[in-house]
Structure formats: C-alpha cells, structure tokens
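The values are calculated or read from the model by the stated rules, or taken from the named source; none is laboratory data. Computed from a predicted model, the values in this text were never measured in an experiment. With ideal geometry, Cβ positions are generated from the backbone for all residues, glycine too; neighbour counts draw on all protein chains shown.
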C-alpha cells in the first residue's frame, strides 16, 4: 500500500477533482478515477460504472445541462489508514432548464486505491443532478 | 468550525458507533444525550432540518423512539480524522414502525468533536427524513 500524505487527499478532491468539475475540464476530472471506478448517487440510488463509460457519460451530461458550477465551503474528514476522504461542501449550479441558480449542501465519500478514486458516493440535499 | 478533541481514533469510533448508536438502538435517551454538548447542533442536511441545543435534540429523539418499535444501525464504515476531531460513518439504518412497516436507509453521518462529546452532527439520508 502506498502511503499518501494527509494533504494528498484534500488536494485530489479540491484542486484536481472539483477544480476540474467547476471548470468543466473532463480530462482532469476523469484522471482522478481508476478505470473500474464507480460513482453512486445515494439519495436517488443512481449508479455510474466505469471511468470511460458511465462516469464519463454522467459528467458530459452534467456539463452540458448546466452553466456555472461551483463547489466550496469544504470540510474534510481524512483517514490515511483506510485511504478515504469524506467531504462536506456547498454547491452553486445554474441548470439551463430551470434558468436560475440552485444551492445544495452535499457530501461525498471517496475511497481511494493507489492515489485514485475507486468508489465515490454522493449525497445531495435536493434533486439528483448527476443523472 | 474547528474544535479541539481529546479523543484518539479508537475512542472516536467508540463514541460514534457504541456510545451513540448503541444507545440509540436501545432507546436509552439519557445515555444518547450524554454524547452531546448542551449547545450541540444536529443537522439533517438532506432535508435542511436543524435541531439546535440539547432540549431540541432530546425532543427529536423522543419522537424518533416513539415512531419506531425497532431501531437498528449496522454495517458501519468509519472514516476517522483523529488530528481534527472528526469522524464520518456510512451505515444501514433499519427501522420498523408499530404497523410492522420496515424502512431501510443507507446514510452517512459526520461528527465534529469538542473535548470528548459531539459539538456538531450532520446526517445525510438516502431517503425521507426520519428525524423530525
């Protein structure tokens, strides 16, 4: 098992993953995942399987359906021993269909292997945006 | 907000899974409340519900205990940030009401510890809010 520093977990979540999402940089986002990764939206029980299949399609849809996307106000719970980081954060997002900004208070649980996401779980305070 | 915790990783897990959920499942109200500071904040984030202070938290648990005959929290996966006094846990909540209706939730809680008790708790539910 590779030992990653505490800040590695915070950085992959904020400086790579969510920075990539907020800037609609699909390559940067997908590079955080293993090829066999899964992303499970728990509040609507929606499972996206495979970095280059389900997860890529989900982000393409997210970027296409929404204007501005912002993630911030992070509080992280980092567990180096179990290679996990659970993060609470706010989301501001502008769905084209609704035509106004929406605000969410969400959390994600990220489980990593060798420095990349293997399993990601998402809880949303409103309707699922990760379809 | 950042607090100073006096608990190590093992003690954080014990506080969350045994002292807290162990007593919730037994409907031990006082022992459950002993896990909280008087001015603790209990937020169900997925439904924007806030119970502020021990009196409000007590009322929430009285309603919860009265609503369900059986309360089981199981299959914990804990993420422990000892340095910062924070713990998150994923778990199954199995609830059976007085009519025998079963509710299964796959929830995630976040706790922020001050000294040796909960100062803030955040609950993210996979279904409808059961902590009203």
From the set of residues in segment B:91-110 that are crowded, with 20+ Cβ neighbours inside 10 Å and facing chain A (nearest Cβ under 9 Å), which is farthest from residue A:125 (Cα to Cα)? B:110
Is segment A:56-69 home to any residue that is modelled with pLDDT under 95 and closer than 28 Å to residue B:120 by Cα? no
Among residues of segment B:58-80, those that are touching a residue at least 12 places away in the same chain (Cβ under 8 Å), surrounded by 14 or more Cβ atoms within 10 Å (Cβ to Cβ) and under 30 Å from residue A:9 (Cβ atoms), counted: 5
Quick one: which of A:48, A:71 is in contact (Cβ under 8 Å) with a residue 60 or more places away in the chain and either surrounded by 17 or more Cβ atoms within 10 Å (Cβ to Cβ) or closer than 25 Å to residue B:107 by Cα (or both)? A:48
Taking segment A:26-45 and keeping only residues that are surrounded by 15 or more Cβ atoms within 10 Å (Cβ to Cβ), over 13 Å from the mean Cα position of the chain (by Cα) and at pLDDT 95 or above, one is left with A:34
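Per-residue answers, yes or no, for (1) in contact with a strand residue (DSSP E or B) (Cβ under 8 Å, 6 or more places away or on another chain); (2) closer than 27 Å to residue A:41 by Cα; (3) surrounded by fewer than 14 Cβ atoms within 10 Å (Cβ to Cβ):
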{"residue": "B:6", "(1), (2), (3)": "yes, no, yes"}
{"residue": "B:9", "(1), (2), (3)": "yes, no, no"}
{"residue": "B:17", "(1), (2), (3)": "yes, yes, no"}
{"residue": "B:27", "(1), (2), (3)": "yes, no, no"}
{"residue": "B:32", "(1), (2), (3)": "no, no, no"}
{"residue": "B:36", "(1), (2), (3)": "yes, no, no"}
{"residue": "B:40", "(1), (2), (3)": "yes, no, no"}
{"residue": "B:51", "(1), (2), (3)": "yes, yes, no"}
Return the total of residues in segment B:1-33 being within 14 Å of chain A (Cβ to nearest Cβ) and farther than 22 Å from residue B:90 by Cβ. 3
Taking residue A:6 and the conditions (1) surrounded by 15 or more Cβ atoms within 10 Å (Cβ to Cβ); (2) more than 14 Å from chain B (Cβ to nearest Cβ); (3) in contact (Cβ under 8 Å) with a residue 12 or more places away in the chain, which numbered condition does it fall short on, given that it satisfies the others? (2)
From the options A:122, A:78, residue that is more than 9 Å from every other protein chain (Cβ to nearest Cβ), crowded, with 19+ Cβ neighbours inside 10 Å and at pLDDT 95 or above: A:122
The correct count of residues that are surrounded by 15 or more Cβ atoms within 10 Å (Cβ to Cβ), within 12 Å of chain A (Cβ to nearest Cβ) and not in a strand (DSSP E or B) in segment B:111-132 is 3
